[in-house]
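Structure, as C-alpha cells:
What follows draws every value from the coordinates through simple rules; no lab data is involved. The shown structure was predicted, so the numbers you read here are calculated from the model rather than taken from an experiment. Cβ: placed from backbone, ideal geometry, glycine included. Neighbour counts: every protein chain shown.
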Amino acid sequence: MIVSAEQTLSKNQAVSASVASTNVIDLGDTGTPLNSPSALLRDLGKGEKFAIDMTIANSPIPTGHLVIDLQVSNDELFGVPNVLTSVDLNSVNHPPYRNDGYRFNIPILRRVNARYLRLFYNHIDGDWKFNAMFVAAEQTNPS
C-alpha cells in the first residue's frame, strides 16, 4: 500500500470527544481560464466510490459507538461543512473491527464543488484511536 502524508487525515489520533481529523486536505484552487469571467467549477464526484483506509490503533479494539462524517467545505475552517456521507462504528451492532484496517468505500456524488476535505469523528462513547488516509494502491496478492 502506498501512503502519502498529504493524503493522511488522521495519524494515531485519539478520539474521546467529538473532534475533526488532525489534517485537512486542500484540493487546490481551480483557476480561471484565459478570457473567462469566472473560475472553473470543481466536480469531486464521478459517482464512483473511492477508498479511505482506516486502522483502529487501539489494542484491544474499544467497545463503544462512533459516527465518522466525510465533510467538504470551501472554507478551510469548515464554518459551514457539507457532510457527504457517514459511517457508523457501533461495536454493539457490527462485528468486531480489526486493528489491521477497515476500508470505507465512499461514493462522492457528481457536482460536489468544494476545496477542502476532512473527517469528523462524532463521539458517542468509547476511547478510540485512528489512522485514516487515502491510498494510491493496496497489496492484494495472497501471502
Next item on the list: Using the number of other C-beta atoms within 10 angstrom as an exposure proxy, rank 27, 66 with the fewest first.
Entry: 27, 66
Next item on the list: May I have the extent of the alpha carbons of region 1-43 along their three principal axes, as whole Å values ordered from largest to smallest?
Entry: 50, 28, 13
Next item on the list: List, in order, the whole-Hz ³J(HN,Hα) value for each residue of region 30-40 obtained from phi through the Karplus relation with A = 6.51, B = -1.76, C = 1.60 and θ = phi - 60°; use x for Gly and Pro.
Entry: 7, x, 10, x, 4, 6, 9, x, 9, 6, 5
